[in-house]
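Engineer: Here you go, one structure.
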Amino acid sequence: MTDKSTIRVVGDPPRSAPVLVGETILESLLQAGVPFPNNCQLGNCGACKCELVEGDILELPSSEYALNEEERGRGLILACRTQAWGDCTVRMLEADETVLHPSRLLRCTVLELEELTHDIKGLKLSIASGGPYAFSPGQHARLKFAPGIPERSYSMANRPDQELLEFHVRQVPRGQASGFVFSNLRPGAELTVSGPFGSAFLREQHAGPILAVAGGSGLAPIRSIVEAALKAQPDREVHLYFGVRDERDVYLERWWIELQSRCPRFSVHVVLSQPSGATSRRTGLLSDVAPDDFSSFDGFKAYVAGPPPMVEAMQSKLEARGVARRDIHADAFYDQTQDAFNLG
Ligand SMILES: Cc1cc2nc3c(=O)[nH]c(=O)nc-3n(C[C@H](O)[C@H](O)[C@H](O)COP(=O)(O)OP(=O)(O)OC[C@H]3O[C@@H](n4cnc5c(N)ncnc54)[C@H](O)[C@@H]3O)c2cc1C
């Protein structure tokens, strides 16, 4: 490879970035400021899937879920798992739906910390410097709480037009970042927020019905999506399914009751997977309950966020029911402790 190799991205406008030796196509593009769809950046989610038009590449291992054999056969690659070994050209999928928000590094101050459940904290942050911060509902940012605490991804729970940034952080046992939020973070603390990232954002061109599915703190991006969709179109058909283990895990109920009073076609279904006692809520797994409520998904888009097993099960179920992949916008909260596929 020459030191002048270039990655070209087909599109309007076409874009390009120098190949950074040892980095993936996605890293090279993002470091050059070229926006490109991405999410987990670990070969797990498939958000950076694109077509290799031409070029010499090295593919690194990734999950079968993110890129299967049939897709490989069609010349698709994962930009986050592919290194360019010379000039190469890629074409984004769904280029019409790619949002181009500038990448920002913000310094933020914690204004408020709220106990949303026994293991989820709500953080409200004001932007001290580095803004303005534009994002699309459903996107996420990387939060660095303190030196020595690893940066982690958290989804914006607020609408983009609101001044304060809001995040919901669930405490993971022995979790470094979430543990820090629960034990050390206080109002007044400063942190950095970089972003936005992610491609499971609200498609503004779509005006049809929405199936919004959240597991646990997956309610953060789903709230942003639902709020923005209903603010633009209060009579829109939106069905929110919120899955948690038990009653004590339910949160933001006042939020959706208030929204329902203003939005006549907004329905909410709380689904408990492991209720500890008698309940009037629905019970079971989200992926079993939600799809069976509908006889047809014609014209729908689905937004799904939360734990990977739920997201993957829901995606499979919806696809089996005839929903096209391009109409399912999924955000799985993958574990970020390590590079699951050992880059070597
Ligand atoms: C795109 C994206 C968006 C996300 N948005 C949110 C959000 O809005 N709210 C939120 O609470 N989280 C979200 N997450 C998850 C979050 O980024 C962290 O992974 C999570 O908070 C754990 O980080 P930690 O440093 O506390 O734990 P770590 O130190 O990373 O992990 C501690 C231990 O827990 C395990 N572990 C890590 N993550 C999980 C998990 N999710 N479930 C079970 N075990 C786990 C690890 O393997 C390790 O053994 C998101 C993740 C992604 C990829």
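The values are calculated or read from the model by the stated rules, or taken from the named source; none is laboratory data. Nothing here was measured: the structure is a model prediction, and the numbers come from that model. Here the Cβ is made from the backbone with ideal geometry for all residues, glycine too, and neighbour counts use every protein chain on show.
Engineer: Y241 - would you say it is buried (at least 21 other Cβ atoms within 10 Å of the Cβ) and either closer than 19 Å to R203 by Cα or not charged (D, E, K, R) (or both)?
Structural biologist: Spelling it out, Y241 is indeed buried (at least 21 other Cβ atoms within 10 Å of the Cβ) and either closer than 19 Å to R203 by Cα or not charged (D, E, K, R) (or both).
Results for (1) at pLDDT below 90; (2) within 18 Å of the chain's Cα centre (by Cα); (3) in a loop (DSSP other than H, G, I, E, B), shown as yes or no for each residue.
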| residue | (1), (2), (3) |
| --- | --- |
| R8 | no, no, no |
| G22 | yes, no, yes |
| L30 | no, yes, no |
| C45 | yes, yes, yes |
| Y65 | yes, yes, yes |
| T89 | no, no, no |
| L100 | yes, yes, yes |
| L105 | no, no, no |
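Engineer: Quick one: which residue in S129, S153, S136, S183 is of a type in the set (S, T, Y) and within 23 Å of K231 (Cα to Cα)?
Structural biologist: S136
Engineer: OK, next. Could you tell me whether segment 119-138 includes any residue that is away from the ligand (no atom under 11 Å from the Cβ) and closer than 24 Å to R248 by Cβ?
Structural biologist: Taking segment 119-138 and keeping what is away from the ligand (no atom under 11 Å from the Cβ), we get 124-137.
Now restrict to residues that are closer than 24 Å to R248 by Cβ: 124.
Yes, that holds for at least one residue.
Engineer: On to the next question. For the subset of segment 297-328 comprising residues that are in contact (Cβ under 8 Å) with a residue 12 or more places away in the chain and within 12 Å of the ligand (Cβ to nearest atom), which member is surrounded by the most Cβ atoms within 10 Å (Cβ to Cβ)?
Structural biologist: The residue in question is A305.
Engineer: Pairs only if they're at least six apart or on different chains, beta carbon under 6 angstrom, first in segment 174-194 and within 9 Å of the ligand (Cβ to nearest atom), second among the charged types (D, E, K, R) and not in a loop (DSSP other than H, G, I, E, B); list them, first residue then second.
Structural biologist: Correct list of pairs: A177/R152; V181/K121.
Engineer: Same structure, new question: Among the candidates R282, R248, single out the residue that is touching a residue at least 24 places away in the same chain (Cβ under 8 Å) and in the same structural domain as A324 (by TED's automatic domain parsing).
Structural biologist: R248
Engineer: Going through L202, L211 one at a time, which residue ends up being touching a helix residue (DSSP H, G or I) at 6+ places or on another chain (Cβ under 6 Å) and away from the ligand (no atom under 13 Å from the Cβ)?
Structural biologist: L202
Engineer: Kindly indicate whether G215 is within 22 Å of the chain's Cα centre (by Cα) and farther than 19 Å from F135 by Cβ. Steps first, answer last, please.
Structural biologist: Details: within 22 Å of the chain's Cα centre (by Cα): yes; farther than 19 Å from F135 by Cβ: yes.
Criteria met by G215.
Engineer: Another question about this same structure. Looking at (1) touching a residue at least 60 places away in the same chain (Cβ under 8 Å); (2) farther than 21 Å from A332 by Cα, which is the one condition that is false for L123?
Structural biologist: The one condition L123 does not meet is (2).
Engineer: Would you pick out the residues in segment 157-173 that are near the ligand (Cβ under 9 Å from one of its atoms) and within 15 Å of G122 (Cβ to Cβ)?
Structural biologist: Matches in segment 157-173: A157, F167, H168, V169, R170, Q171.
Engineer: Select, from G138, G148, the only residue that is at positive phi and buried (at least 21 other Cβ atoms within 10 Å of the Cβ). Walk me through it before giving the result.
Structural biologist: Numbers: G148 fails: buried (at least 21 other Cβ atoms within 10 Å of the Cβ).
After applying the criteria, what remains is G138.
Engineer: Sticking with this structure for a sec: Can you name the number of the only condition in (1) at pLDDT below 95; (2) in a strand (DSSP E or B) that D96 fails?
Structural biologist: Among (1) at pLDDT below 95; (2) in a strand (DSSP E or B), D96 violates only (2).
Engineer: Could we say that E54 is surrounded by fewer than 17 Cβ atoms within 10 Å (Cβ to Cβ) and either out of contact with any helix residue (DSSP H, G or I) (no Cβ under 8 Å at 6 or more places or on another chain) or in the same structural domain as S316 (by TED's automatic domain parsing) (or both) here?
Structural biologist: Values: surrounded by fewer than 17 Cβ atoms within 10 Å (Cβ to Cβ): yes; either out of contact with any helix residue (DSSP H, G or I) (no Cβ under 8 Å at 6 or more places or on another chain) or in the same structural domain as S316 (by TED's automatic domain parsing) (or both): yes.
For E54, the condition - surrounded by fewer than 17 Cβ atoms within 10 Å (Cβ to Cβ) and either out of contact with any helix residue (DSSP H, G or I) (no Cβ under 8 Å at 6 or more places or on another chain) or in the same structural domain as S316 (by TED's automatic domain parsing) (or both) - is met.
Engineer: Output the number of the condition that Y154 fails; it satisfies all remaining conditions of (1) within 13 Å of the ligand (Cβ to nearest atom); (2) surrounded by 14 or more Cβ atoms within 10 Å (Cβ to Cβ); (3) over 21 Å from the mean Cα position of the chain (by Cα).
Structural biologist: Tallying (1) within 13 Å of the ligand (Cβ to nearest atom); (2) surrounded by 14 or more Cβ atoms within 10 Å (Cβ to Cβ); (3) over 21 Å from the mean Cα position of the chain (by Cα), Y154 fails exactly one: (3).
Engineer: Can you say whether F294 is in the same structural domain as S217 (by TED's automatic domain parsing), surrounded by 15 or more Cβ atoms within 10 Å (Cβ to Cβ) and over 22 Å from A157 (Cα atoms), as far as the supplied structure shows?
Structural biologist: yes
Engineer: Additional query: Give segment 292-328 a look and list any residue that's hydroxyl-bearing (S, T, Y) and either in contact with a helix residue (DSSP H, G or I) (Cβ under 8 Å, 6 or more places away or on another chain) or part of a helix (DSSP H, G or I) (or both), or say none.
Structural biologist: The answer is Y303, S316.
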